[in-house]
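Engineer: The following block contains the structure, expressed as structure tokens.
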Amino acid sequence: MASIAAVLSDDSEPVQSLFTTMTGRWRASGMKVVGLLGESHGIPDRKCGAGVVRDIVSGRPFAMYFDTPPKGGSCHLDPAGLEAASTQLLDQIATSDLVILSKFGKLETMRAGLIGAFEAAAEAGVPVLTSVSEKHRAAWESFAPGAAYLAPDAAVLEGWRRGLKGRRIPDSPPINPLAP
């Protein structure tokens with residue numbers, strides 16, 4: 001089974017919610033999960049949905065949006081916030097069992113944003129779970145050829161996790177398909 005996997009989805013919020021749920025389950029089972037989970041900024045009337053990424057271990061938020069878009073643009077995405085989040089994560093990766101990175105998106109296609117964390121995890125041989133939109137699928141496939149695509153489903157993510165080889169993968173409690 002591929003140690004790098006992505007959930008293909010153009011709707012980030014349900015995927016980030018699923019990642020948050022699975023992170024809690026896996027960490028409760030004793031697995032050392034590190035990374036960054038995405039959260040919406042909740043600001044109405046924004047063309048760009050960039051919000052916050054939160055460090056799994058410390059809970060520290062990193063804003064990834066400008067209050068106002070740069071002159072001549074409509075996107076509020078702030079590369080500095082994502083790059084700061086990626087940099088602070090680097091020391092956690094080598095000793096982890098799994099890295100969850102909110103998404104491989106616009107900045108990563110330009111070799112910025114969270115790209116350093118993606119590369120550090122690959123270099124350390126640590127499994128990675130992320131999301132990617134159809135818009136960035138070709139860039140993702142170029143970056144991570146052979147990566148698995150997973151359905152946005154708790155049982156599917158758990159099956160992938162159980163199939164990982166060479167890492168400390170403790171048993172998780174059974175998945176309740178009725179639970180959020």
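Engineer: For the subset of region 4-22 comprising residues that are among the β-branched types (Val, Ile, Thr) and within 18 Å of Gly163 (Cβ to Cβ), which member is nearest to the chain's Cα centre (by Cα)? Explain how you work it out, then say what you get.
Structural biologist: Start the filter on region 4-22 by keeping residues that are among the β-branched types (Val, Ile, Thr), which leaves 4, 7, 15, 20-21.
Keeping just the survivors that are within 18 Å of Gly163 (Cβ to Cβ) gives 4, 7.
Values: Ile4: 11, Val7: 10 Å.
Looking at the filtered set, the residue picked out is Val7.
Engineer: Hey, another quick one. Taking the condition at pLDDT 95 or above and over 18 Å from Thr21 (Cα atoms), does Val99 pass?
Structural biologist: On the way: at pLDDT 95 or above: yes; over 18 Å from Thr21 (Cα atoms): no.
In short, no.
Engineer: Please find, among Leu77, Leu82, Leu164, Leu107, the residue that is at pLDDT below 90 and more than 24 Å from Ser40 (Cα to Cα). Break it down stepwise before answering.
Structural biologist: Numbers: Leu77 fails: more than 24 Å from Ser40 (Cα to Cα); Leu82 fails: more than 24 Å from Ser40 (Cα to Cα); Leu107 fails: more than 24 Å from Ser40 (Cα to Cα).
Answer to the selection: Leu164.
Engineer: Sticking with this one: Need at least 2 residues that are surrounded by fewer than 18 Cβ atoms within 10 Å (Cβ to Cβ) and within 15 Å of the chain's Cα centre (by Cα) per element, so show me which helices (runs of 4 or more DSSP H) inside region 94-144 make the cut, counting only ones lying wholly within it. Steps first, answer last, please.
Structural biologist: Values: elements: 106-109, 115-124, 137-143.
In region 94-144, 115-124 are the helices (runs of 4 or more DSSP H) which contain 2 or more residues that are surrounded by fewer than 18 Cβ atoms within 10 Å (Cβ to Cβ) and within 15 Å of the chain's Cα centre (by Cα).
The values are calculated or read from the model by the stated rules, or taken from the named source; none is laboratory data. Computed from a predicted model, the values in this text were never measured in an experiment. Cβ: placed from backbone, ideal geometry, glycine included. Neighbour counts: every protein chain shown.
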